[in-house]
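The values are calculated or read from the model by the stated rules, or taken from the named source; none is laboratory data. What you are looking at is a predicted structure, and each value in this text was computed from that prediction instead of being measured. Glycine also receives a Cβ, built like all others from the backbone with ideal geometry; neighbour counts cover every protein chain displayed. We work out accessible area using only protein heavy atoms, side chains counted, and drop any ligands, DNA or RNA first. Shrake-Rupley method; radii C 1.70, N 1.55, O 1.52, S 1.80 Å.
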Amino acid sequence: MTLTPDPERFLSELHALRHFGASGIGKGVVRPAYSEADIAARRWLAERMDAAGLVPRFDPVGNLFGLAEGPSLLLGSHSDSQPEGGWLDGALGVVAALEVARAARAAGGPPISVVSFQDEEGRFGVTTGSAVWSGTLPLEAADGLIDHAGLGFAEARGRMAEIAGDFVDPGRFRGFIEMHIEQGPTLDTAGEHIGVVTDIVGIRDMRITFRGQQNHAGTTPMQLRRDAFQALARFNAEVNDAFRNVVTPRTVWTIGHVALHPNTSSIVPGRASFSMQWRDSDPDRLGRMEAIVRETADRVAGEGGLGLEFGPLLGLEPVAMDPALRAALEAAAESVAPGRWRKLPSGALHDATNVARLMPVAMLFVPSIGGISHAFEEDTDEADLVAGLQVLAAAVDRLRLQARS
Ligand code: GLV
Ligand code: MN
Ligand code: MN
């Protein structure tokens, strides 16, 4: 019997999930890891897993698994969001997994387990929940991480302590497939419906702090200032220049969070603390960029008479997708959307990167309208959401047939 997922039930659950932490602006959500909305959404997902015949289990960091009996294929993604997030980033892969797990049970197999990883969006680290589960990040190191508002990871995960069980043994899973929105413009621009991921880029992320002298903005002559914002502005311009010698058109870098102290009009800022993140598919290039970041910050601080601190360097290495799982997705994509799909790399990070340490992994994408994500406007045509669901189910079906033959 082939798997026949129910598109109506899938779409209705996907819409139900976006009401947890609904922003009130479009379909956007505000559901950062360990917020009330995130925990409520996870409890609701656990009920849906239970109703689907899976055994729900929260682990010590809040990853939620819906376990099938015996060895199984793991499907899923994450249900936390960015502080201003879209309704599909992560949620799509979890709800599609649930629907395929139900369809597989109805068809008499194969056994499918479901996961929603915690803090994929990096409130505390970089894909924190799956990083801890996979052994990429020791739990003790994770417990030392703090978010931009000063909340510690240990305290945050304590909010889920009453429902937490043990870590789930990864040995029970044969592989992992994550369905996701593309979060970029490639598929939408080409008018294609499905992307099969070839590999996921690597990332480095570090907090940098310049310490100058807080002073009066009216009386302090320009040449005597040790202005932390001016140092940050100079750092940004010089790093952009220096990167030109090492980057490719696919390399990206971002200063996305800045905290200026005391952050007011009439005071020369004494402290500028900011996130510096860069991504590329070549680990050597990531290393060369790190050297440029450190040298530039050092020079800017030295020349301006400022203090300088580097936070811990967080990161994930680039990973390739598993050829057998990928082939199943490619064949499924051709059957659902003949000639209207492509292979492509992922510039966004995903839990699949961490899970790849433990088992074969693969990913499929559906288009993001206008290439927009990490914003309330994020959206995807419902026909494409359903096409993605069908590709996921068809790939699972193919893998079952291959396992039998
Ligand atoms: C994950 O959302 C990322 O930042 O790529
Ligand atoms: Mn995501
Ligand atoms: Mn995201």
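Among what's in region 252-286 and is of a type in the set (A, V, I, L, M, F, W, C) and free of Cβ contacts under 8 Å to residues at least 60 places away in the same chain, pick the residue that is surrounded by the fewest Cβ atoms within 10 Å (Cβ to Cβ). Give the derivation first.
Taking region 252-286 and keeping what is of a type in the set (A, V, I, L, M, F, W, C), we get 252-253, 255, 258-260, 267-268, 272, 274, 276, 278, 286.
Pick out the ones that are also free of Cβ contacts under 8 Å to residues at least 60 places away in the same chain and you get 253, 255, 258, 260, 267-268.
Numbers: TRP253: 17, ILE255: 14, VAL258: 12, LEU260: 16, ILE267: 16, VAL268: 21.
Per the criteria, the residue is VAL258.
Determine, yes or no, whether PRO60 is more than 17 Å from ASP119 (Cα to Cα), in a loop (DSSP other than H, G, I, E, B) and open to solvent by less than 50 Å² (accessible area, probe 1.4 Å).
no
What's the number of the condition PHE58 fails, among (1) over 21 Å from GLY125 (Cβ atoms); (2) more than 16 Å from ligand 2 (Cβ to nearest atom); (3) touching a residue at least 12 places away in the same chain (Cβ under 8 Å)?
The failed condition is (1).
For region 43-52, does any single residue satisfy the condition of being part of a loop (DSSP other than H, G, I, E, B) and more than 13 Å from ligand 2 (Cβ to nearest atom)?
The answer is yes, given that some residue of region 43-52 is part of a loop (DSSP other than H, G, I, E, B) and more than 13 Å from ligand 2 (Cβ to nearest atom).
Kindly provide the set of residues from region 360-380 that are buried (at least 21 other Cβ atoms within 10 Å of the Cβ), aliphatic (A, V, I, L, M) and within 15 Å of ligand 3 (Cβ to nearest atom), ordered by number.
If the condition is that a residue be buried (at least 21 other Cβ atoms within 10 Å of the Cβ), aliphatic (A, V, I, L, M) and within 15 Å of ligand 3 (Cβ to nearest atom), then MET363, VAL366 are the ones that fit.
Going residue by residue through region 176-192, is there one that turns out to be surrounded by 18 or more Cβ atoms within 10 Å (Cβ to Cβ), closer than 30 Å to GLU36 by Cα and among the small types (Gly, Ala, Ser)?
Yes, some residue in region 176-192 is surrounded by 18 or more Cβ atoms within 10 Å (Cβ to Cβ), closer than 30 Å to GLU36 by Cα and among the small types (Gly, Ala, Ser).
Provide a single number: the residues in region 127-140 that are within 30 Å of VAL258 (Cβ to Cβ), open to solvent by 20 Å² or more (accessible area, probe 1.4 Å) and not in a helix (DSSP H, G or I).
Residues that pass the stated criteria total 3.
Residue pairs, Cβ under 9 Å, 6 or more apart or interchain, first in region 117-128 and among the aliphatic types (A, V, I, L, M), second modelled with pLDDT of 95 or more and near ligand 3 (Cβ under 10 Å from one of its atoms). List them.
VAL126/LEU349
Can you list residue pairs whose Cβ atoms sit under 7 Å apart, with the first residue in region 11-37 being part of a helix (DSSP H, G or I) and the second being surrounded by fewer than 16 Cβ atoms within 10 Å (Cβ to Cβ)? Count only pairs 6 or more apart in sequence or on different chains.
Going by the 7 Å Cβ cut-off, the qualifying pairs are LEU11/GLU382.
Residue-wise test of (1) open to solvent by 10 Å² or more (accessible area, probe 1.4 Å); (2) under 30 Å from GLY315 (Cβ atoms); (3) outside any strand (DSSP E or B); (4) within 16 Å of ligand 2 (Cβ to nearest atom).
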site	(1), (2), (3), (4)
GLY70	yes, no, yes, no
LEU73	no, yes, no, no
SER77	no, yes, no, yes
PRO83	yes, yes, yes, yes
GLU99	no, no, yes, no
ALA103	no, no, yes, no
VAL115	no, yes, no, yes
ASP119	no, yes, yes, yes
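I need the full set of residues from region 395-405 which are of a type in the set (Gly, Ala, Ser) and in a helix (DSSP H, G or I), in order please.
First, the residues of region 395-405 that are of a type in the set (Gly, Ala, Ser): 395, 403, 405.
Hits for region 395-405 are ALA395, ALA403.
What is the residue count in region 329-380 for residues that are over 17 Å from the mean Cα position of the chain (by Cα) and within 19 Å of GLY85 (Cβ to Cβ)? Outline the logic, then answer.
Filtering region 329-380 for residues over 17 Å from the mean Cα position of the chain (by Cα) gives 329-344, 358-360, 369-370, 377, 380.
Then drop every residue that is not within 19 Å of GLY85 (Cβ to Cβ), which leaves 369-370, 377, 380.
Summing the residues that are over 17 Å from the mean Cα position of the chain (by Cα) and within 19 Å of GLY85 (Cβ to Cβ) in region 329-380 gives 4.
Return the pairs, sorted by first residue and then second, in which the second residue is open to solvent by 10 Å² or more (accessible area, probe 1.4 Å) and β-branched (Val, Ile, Thr), the first residue lies in region 83-110 and is under 20 Å from PHE173 (Cα atoms), the beta carbons are less than 6 Å apart, and the residues are 6+ apart or on different chains.
ALA103/THR4
Does GLY388 qualify as being more than 16 Å from ligand 1 (Cβ to nearest atom) and within 11 Å of ILE194 (Cβ to Cβ)?
yes
Any idea which of (1) surrounded by 24 or more Cβ atoms within 10 Å (Cβ to Cβ); (2) within 17 Å of ARG57 (Cβ to Cβ); (3) more than 16 Å from ligand 2 (Cβ to nearest atom) is the one PHE153 doesn't satisfy?
Tallying (1) surrounded by 24 or more Cβ atoms within 10 Å (Cβ to Cβ); (2) within 17 Å of ARG57 (Cβ to Cβ); (3) more than 16 Å from ligand 2 (Cβ to nearest atom), PHE153 fails exactly one: (2).
Check every one of the helices (runs of 4 or more DSSP H) wholly within region 141-251 and list those with 2 or more residues that are closer than 30 Å to SER113 by Cβ. Break it down into steps so the answer makes sense when it comes.
Values: elements: 153-158, 186-190, 228-243.
So the answer is 153-158.
Residues of region 298-328 being open to solvent by 50 Å² or more (accessible area, probe 1.4 Å) and within 19 Å of the chain's Cα centre (by Cα), which ones?
Correct list: LEU313, GLU317, ALA320.
Return yes when ARG234 is more than 16 Å from ligand 2 (Cβ to nearest atom), open to solvent by 50 Å² or more (accessible area, probe 1.4 Å), in contact (Cβ under 8 Å) with a residue 60 or more places away in the chain and not small (Gly, Ala, Ser) and no when it is not.
Values: more than 16 Å from ligand 2 (Cβ to nearest atom): yes; open to solvent by 50 Å² or more (accessible area, probe 1.4 Å): yes; in contact (Cβ under 8 Å) with a residue 60 or more places away in the chain: yes; not small (Gly, Ala, Ser): yes.
Taking the combined requirement at face value, the residue satisfies it.
Checking GLY212 against (1) within 22 Å of the chain's Cα centre (by Cα); (2) closer than 30 Å to ALA233 by Cβ; (3) modelled with pLDDT of 95 or more, which single condition isn't satisfied?
(1) is the only condition that GLY212 fails.
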